[in-house]
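The values are calculated or read from the model by the stated rules, or taken from the named source; none is laboratory data. From a predicted model like this one, the values you see are computed outputs, not experimental measurements. Quick reminder, even Gly has a Cβ in these numbers, built from the backbone with ideal geometry, and neighbours come from all protein chains shown.
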Amino acid sequence: MHKHANLVPGRREATVEVHRSTPLAPVPSAPVVPVQPGTVPSVASVVLPDGRIVTGYALEPAKSEPVAAKPPVSRVAVNIALGGIGFGAVCGGLFLLTAFITALTALITQLITIAAVIFGGWVAVQVFSASGHGSGTTVNIRKAVFKRNHFHG
């Protein structure tokens, strides 16, 4: 008989491994050396509850450095900075104003040119269309008298 005969089809049986920790042998505790008050050894030893000794360098708590007072800001320096900002703003404003005036001048010039072209065209149409309608003033040249290259009407 097959060993997986009682299992559900499509299901696998997981293999489980059990690990057990091995206890360490107890370390004999070393005698604690008394330390004179006020002195800190360069290497500190700590005895743990299970008797082991951990030796390492003693760390001093981090001390924050006192904040240095900021030097006062001169009023002259503040005035110079504000004056520079104001000067930059005025220069920018004058540049924009100049650009606006230039654009406005170009627009007015174009409008005058367009008006002249339109008006000139209207005048040309009036002049050339008057001769075709017969509504102009008629001059009879046959009655005019020319004496020595002068016209007398």
- Message: Return the residues of region 38-84 that are of a type in the set (S, T, N, Q), modelled with pLDDT under 75 and within 30 Å of LEU24 (Cα to Cα); say none if nothing qualifies.
- Response: SER42
- Query: For VAL145, which of the numbered conditions (1) touching a strand residue (DSSP E or B) at 6+ places or on another chain (Cβ under 8 Å); (2) β-branched (Val, Ile, Thr); (3) at pLDDT 85 or above fails to hold?
  - Reply: (3)
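Looking at PHE119, is it modelled with pLDDT of 85 or more, aromatic (Phe, Trp, Tyr) and out of contact with any helix residue (DSSP H, G or I) (no Cβ under 7 Å at 6 or more places or on another chain)? Write out each step before concluding.
Values: modelled with pLDDT of 85 or more: yes; aromatic (Phe, Trp, Tyr): yes; out of contact with any helix residue (DSSP H, G or I) (no Cβ under 7 Å at 6 or more places or on another chain): yes.
Yes: the conditions hold for PHE119.
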